Amino acid sequence: MASDTKPVWIGFDLGGTKMLAIAYDENWKVVGRRRRKTRGRDGSDSGIERIATTIDRLLDENDIAKSDIAGIGVGCPGPIDLAKGRIVMTPNLGWDNVDLGDFLKKRFDCGVVVMNDVDAGVYGEYQFGAAKNARCVVGIFPGTGVGGGCVYEGQILQGARFSCMEIGHTRVSGDTRASGSAISGTLEAEASRLTIAAEAAKAAYRGDAPNLLEIAGTDLSEIRSGALKEAIAKGDKLIKKLVEEAACSIGISVANVVHLLAPDKIVLGGGLVEAMEDLIVGTVRKTAKENVMSVYKDVFEIVAAKLGDDAGAMGAAAWAKHKLPKAK
């Protein structure tokens, strides 16, 4: 049943493989939640309808009326046209120029804020999780791609028109391997779970990762974070090396960000980090410390995210609450 406290804020996290909608009351108590699969690259028209019906079901299942909704915050992968609430592109979903904000405003008759999904996750960690009270927090979330976000003195760092902090698409090597975009040698091409899975599949096929072959075979869709973790635990040294190499690339990117912004907190999140927190956070921390100027070595802390899958939805709802009163 819905909370007696009104209004209700809806946070929606659109990921590469899942959608998560959560309703919160004014005290950030969860009123209800609904999770569905994204259905990959089915197309933006069916995709945004699926977003709307997920919210519809969330409302119906928890006796929430549309009139109870104070606002909706949506976190989406890729660059976002902030003023228009438009998804400009999603490299791993194939959605381009999707007017999600207007669509949801008309559907639910309320204010809607569309933002980058990692911006939402980092804001969630800043408000409620691992980065509370930080002056400047940078988040890096490796998953299907590698997303980044920054909260600086309570505000999400954004461009004049578009979301920014696309750290996954910054170049960290001279490698010709590309990722979700056409740019080669990027952090995403070197450190995403998809990249690790592709290299791991090759290793399993060649017989260099027998445990992974037994656990997940060579199908990329089956080589997820849990399978990688299990293969390492059972002794697949090459899989551990692949994860460490990816974490080293993230560590180099952290060092670059430290030189640019001097954040006091760096948050690493996503399913890959959750599955292998000690290995990934430890490797990133060691690599970053080794690659920053001496004056910066002790001024930042690298931590794992605390909110798990709820970070994006909670952050999107909180950012909507922060922004929408000013837009009225």
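The figures follow:
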{"read-out": "Neighbourhood net charge (13 Å Cβ-Cβ; Lys/Arg +1, Asp/Glu -1) for R135", "value": "-1"}
{"read-out": "GNM flexibility winner over the chain from A65, A197, A131 (Cα, springs under 10 Å)", "value": "A65"}
{"read-out": "Percent of Cα-Cα distances greater than 14 Å, calculated over region 230-292", "value": "57"}
{"read-out": "Lysines with Cα under 22 Å of K237, excluding same-chain neighbours fewer than 8 positions away", "value": "K202, K229, K286"}
{"read-out": "Per-pair calculated FRET efficiency, R0 = 22 Å: E222 and L279 via Cβ, rounded to 0.05", "value": "0.60"}
{"read-out": "Cα-based helix-to-principal-axis angle, 117-128 vs the chain, degrees rounded to 10", "value": "80"}
{"read-out": "In sequence order, calculated HN-Hα J values of region 294-300 (Karplus, 6.51, -1.76, 1.60; Hz; x Gly/Pro)", "value": "4, 5, 9, 4, 10, 9, 9"}
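Values in this text are rule-based calculations from the coordinates and carry no lab data. Source: prediction; values computed, not measured. In this analysis, Cβ positions are derived from the backbone assuming ideal geometry, glycine residues included, and neighbour counts consider all displayed protein chains.
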